[in-house]
Amino acid sequence: MLINAVLTAKYWLLVYVMVILIPAAILLVAHTQRSSHILEEEVTNTMLQTLKQASINLDFQFDSVRDTSNTLFMNPMLAEYLNRQATMQQQLESLKELRFLVDSAQTNSTVFRVRLFVNGDRLFTGERVNFFTQESLAGWPWYDRVMNSGGAIVWSGAYLESFIDSGPAYVFSAARMLRDLHHYDQISGVLLVDMAEKTITDILSKIKLTKEGNIYLLASDGTIVSHPDKSLLGQKMMETEQFETIAQSDEGVVRLPDDKDPRFAIYTRVASTGWKLVAEVPQSEISSRAVALNQFSGIATISTVTILFLLLVFILLAMIVRNMNRRIQTVIRTIKRGGIESLDDRILNAGGDFKLLEHSVDHLIRRVHGLMEETYQSKVQEREAQLRALQAQINPHFLYNTLDTINWIAIGHNAPEISQMITGLAKYFRLSLNKGRDLVSVTDELNLAKVYLEIQQSRFPKSFEVQFDMEDGLDAVEMPKLTLQPIVENAILHGIRKSKGKTGSILVQAKKEEGDLLLSVTDDGIGMDEQLVQSLLTQPRPPMKSDNSGSSYGLYNVNERIRLFAGEPYGLTIYSRPGEGTTVVVRMRIRKP
């Protein structure tokens, strides 16, 4: 009996090892390898997204320098200064304007220095602050590329330059060849717009991917153009095979084989220069977390499986009959209290308690997954909104400065009509952008419409007259911005400009009526038939007629915005008949800040 009992115990122990432990060990090894691979992919993909955001910031800086170079390149005073036949007086006059333009360009925080290398017979070439002789640039490493570029911008890598007024500094240069416009076959100089490398390194220093690793810029030929270690500038960082993989795609991850220090190269393209932004990350920093997690998971899995099956051997059969019904009923009551009351009771009759439990748990899992997906999407949208808000703070400032520069150039060229148009356009953008806010006062909205009409009057002189009639007390009333502009645009383009004489008048009114705000735009143009009037507010893009009278009105979107802002009873109303003009009435509830 004892011998049989011992043999039986050994038999069941062997069965336990063969059936439970060995398969569990195999599954654990496969799980560890797969988890490590997935974790590495997720970590490197997250780092790549961070790197792509940094490349967008770099593009903005490089584009700012490029725009400055284009502004200087297109300035007529530069051509006069470079004219080989220009007299001494002509050089002095053009140099005065050119000095002002260079000083203005250097007020851009991204631009470190503007340098002009010209023939030695030009005035002030020995100044060596902004003006140099072309011969002093002949030994520059990128000189031949600039001379063969045909006037296109050639970006240099970071290099150490000594400035007599500020000392040595590492800079990037946007270089381009200049021709004598009066003798186009002759090269008259080279324009350099410098950007401090610190501008780029400040952006890259904020990227925290790992504790160790380097982030640098790689040129199209594989040489390093920016690196924290300045001794590596101009050298090739990786083998030809790995660089060819990087050169063939805009972004990705490449494993860099190294017996002593295996690394990942995560890279993305900087669009403005064609360079690659590369981050070298030690593989050990990524895999160590995966190994630790997998080790813990493996130990926990083996322990759990062992304990589970030992418990099942001794207590499962004794407990299953006595406790299963009680547990199932408890779980069902708990699930119903959690919000699963809508399950069909027929499931219970068809499949019993087990079937109902299965459907209840399945329903809960689907709800949890749905909530997780909604949370993830809201986080993504929140991040995108933050990025758009940051861009909205930068882009209008650049736009206003550019328009202001164009305005002063127009004034300098004695072109008051251009100056007036630019001033009106700047005022229009300032009112329409409204610092990123969606709501404006009624006064600002009327001013925006007035500026737009002034611009159109400059575009179509003496083609229409405008009259504004605004009731007092509307300064503090808010409304969605860009509500009137599409309406007055339609009054001009689809009303007055399509009449026989292409002339007419527009009346814009604003008043309160029974607690509501009423805005109306009336024109004496060609008018519309009833079918087109109905389609303007019911179709996003009304059908086009043979005379092109039904396209691109945009009133549907205005109407929908007002309904979202004020509610369903509010919106646009259109009164029009062919040959009798059109009146568009905007009604919304009065809202104060």
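Each row is one residue, and each column tells you yes or no for (1) modelled with pLDDT of 90 or more; (2) part of a helix (DSSP H, G or I); (3) under 17 Å from ALA271 (Cα atoms).
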site	(1), (2), (3)
LEU21	no, yes, no
ILE26	no, yes, no
LEU51	no, yes, yes
VAL65	yes, yes, yes
## Note on the structure
Condition set touching a strand residue (DSSP E or B) at 6+ places or on another chain (Cβ under 8 Å) and basic (Lys, Arg), scope region 434-481, selection farthest from GLY504 (Cα to Cα): answer is LYS481
### Task
Please name all residue pairs, on different chains or six or more residues apart, with Cβ atoms under 7 Å, provided the first residue is in region 488-513 and is touching a residue at least 12 places away in the same chain (Cβ under 8 Å) and the second residue is part of a loop (DSSP other than H, G, I, E, B) and of a type in the set (Asp, Glu).
GLY504/ASP524; SER505/ASP524; ALA510/GLU471; LYS511/GLU471; LYS512/GLU471
### Query
What residue, of ALA105, ALA169, ALA138, ALA174, is surrounded by fewer than 18 Cβ atoms within 10 Å (Cβ to Cβ), small (Gly, Ala, Ser) and either touching a helix residue (DSSP H, G or I) at 6+ places or on another chain (Cβ under 6 Å) or under 28 Å from ALA86 (Cα atoms) (or both)?
ALA138
### Task
May I ask you to verify whether VAL278 is among the hydrophobic types (A, V, I, L, M, F, W, C) and modelled with pLDDT of 85 or more?
yes
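How about region 503-536: which of its residues are charged (D, E, K, R) and under 17 Å from GLU580 (Cβ atoms)?
ASP523, ASP524, ASP529, GLU530
For every residue, the table says whether it meets (1) exposed (fewer than 12 other Cβ atoms within 10 Å of the Cβ); (2) in contact (Cβ under 8 Å) with a residue 24 or more places away in the chain; (3) more than 24 Å from PRO141 (Cα to Cα).
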| site | (1), (2), (3) |
| --- | --- |
| ILE207 | no, yes, yes |
| LEU217 | no, yes, no |
| PRO228 | yes, yes, no |
| SER231 | yes, no, no |
| THR245 | no, no, yes |
| GLU251 | no, yes, yes |
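Just to confirm my filter: which strands (runs of 3 or more DSSP E) fall fully inside region 208-276 and include at least 1 residues that are over 20 Å from LYS198 (Cα atoms)?
Per the criteria, 251-256, 263-269.
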### Residues located in region 126-178, provided they are under 16 Å from GLU197 (Cβ atoms), part of a loop (DSSP other than H, G, I, E, B) and under 34 Å from the mean Cα position of the chain (by Cα)
TRP142, SER156, GLY157, ALA158
### Task
Give just the number: which of (1) assigned to a helix (DSSP H, G or I); (2) at pLDDT 70 or above does ASN414 not satisfy?
(1)
### Task
Give region 67-125 a look and list any residue that's touching an Asp or Glu at 6+ places or on another chain (Cβ under 6 Å), over 20 Å from GLN186 (Cα atoms) and assigned to a loop (DSSP other than H, G, I, E, B), or say none.
PHE112
#### Entry: Output for region 189-201, where each listed residue is over 16 Å from LEU51 (Cβ atoms) and either free of Cβ contacts under 8 Å to residues at least 40 places away in the same chain or part of a helix (DSSP H, G or I) (or both)
GLU197, LYS198, THR199
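The values are calculated or read from the model by the stated rules, or taken from the named source; none is laboratory data. The structure displayed is predicted, hence computed values, not measured ones. All Cβ positions, glycine included, derive from the backbone under ideal geometry; neighbour counts span all protein chains shown.
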